[in-house]
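One structure is given here, and the rest of the page talks about it.
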Amino acid sequence: MVKKLISEFVGTMLLVIFGCGTAVALSQVYVQAGASASDTGLLTSMYGGIVLIALAFGLVLTALVYTIGKVSGCHVNPAISFACLIDGRMGIKEFVIYVVAQILGGIGGALILSWIFASTTALGANGYGDASVLGTITTPTIAFLIEAILTFIFALVVLSVTKREHPSNGIIIGLTLTLVHLFGIPFTGTSVNPARSIGPAILTKGVALSQLWVFILAPLVGAALAALFYKFVISSSEPDEMPEPPHRPEVMYEDKEEIVEKTARKPRTTKKSSKK
């Protein structure tokens, strides 16, 4: 269990460092370049930044799945652990311990970012309204709905592909996280992970901390719905065991036995040496 908790702590910390760190670094680049709303290339740069941030989150999760996934399952997300709890893949005690390790990892990652960038004002915290790229379009209700939907699809994919171990699982999970970030960043910055949101919000304080409730509750709601959908719709439609490959016709086995018997009865012939 200790190895699992260390893996979840380190994994969540790395997720925050690489994912949120990329967002903070890009914002610093814009500031250093003196970008403003009147810049003609700002819109293009913003779209490029969204893609880079989405890829950063997706790629680091892919790397983590192929490393700590063998130890803890690479949840690195209380919402995913909650989905696994509802689906019966872990107990309540293990769930609570996992969540504590993940939250501490998120805070640890945010602390490292605050030291790297020598600031706690911008650490990739999630937000809506004026704290969102889309501004007042993203109301608390819209933010909650967006986060619930994004977590639903993400958790659903995780539950589906991890039913059986496969070499492509990490790639599929990483690409799904990239997908939800591509859509969600303009609205909320994309959380789908309470631990990822708690760390930066605690250090940033202010608006980020007051809006944190959305990025805790919405992912948990989305994960719960995903677990129920998987359990009663997808899992109930899947066979309990993999179907066996079709058998060859019995005649093939009979022919094989006959060949073996004939070979066994066939006398061995030795080549006589000829005398000169």
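The values are calculated or read from the model by the stated rules, or taken from the named source; none is laboratory data. Predicted model, so just to flag it, every value in this text is computed and none were measured. In this analysis, Cβ positions are derived from the backbone assuming ideal geometry, glycine residues included, and neighbour counts consider all displayed protein chains.
Annotations for the structure displayed:
Yes/no matrix, rows are residues, columns are (1) farther than 21 Å from G11 by Cβ; (2) modelled with pLDDT under 95:
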{"residue": "R89", "(1), (2)": "no, yes"}
{"residue": "V100", "(1), (2)": "no, no"}
{"residue": "G109", "(1), (2)": "no, no"}
{"residue": "L113", "(1), (2)": "no, no"}
{"residue": "T120", "(1), (2)": "yes, yes"}
{"residue": "L123", "(1), (2)": "no, yes"}
{"residue": "I137", "(1), (2)": "yes, yes"}
{"residue": "A143", "(1), (2)": "yes, no"}
{"residue": "T151", "(1), (2)": "no, no"}
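- In the range 66-100, the residues that are closer than 23 Å to A148 by Cα, surrounded by fewer than 24 Cβ atoms within 10 Å (Cβ to Cβ) and of a type in the set (A, V, I, L, M): L85, I86, M90, I92, V96, V99, V100
- Scan of the range 114-159 for residues that are surrounded by 13 or more Cβ atoms within 10 Å (Cβ to Cβ), outside any helix (DSSP H, G or I) and small (G, A, S), ordered by number: S119, A122, G124, A125, G127, S132
- Scope the range 162-189; condition surrounded by fewer than 18 Cβ atoms within 10 Å (Cβ to Cβ) and β-branched (V, I, T); matching residues: I171, I172
- Cβ-Cβ under 6 Å pairs, at least 6 apart or on other chains, the range 218-234 side under 19 Å from P194 (Cβ atoms), far side part of a helix (DSSP H, G or I) and among the aromatic types (F, W, Y): A218/F144; L220/F82; G222/F152; A223/F82; L225/F152; A226/F152
- Qualifying residue in the range 223-242 (condition: under 29 Å from A118 (Cβ atoms), at pLDDT 90 or above and within 20 Å of the chain's Cα centre (by Cα)): no
- Of all residues in the range 160-189, those that are outside any helix (DSSP H, G or I), β-branched (V, I, T) and over 16 Å from A83 (Cα atoms) total 0.
- Residues in the range 190-204 that are assigned to a helix (DSSP H, G or I) and either of a type in the set (S, T, N, Q) or buried (at least 22 other Cβ atoms within 10 Å of the Cβ) (or both): 9 in all.
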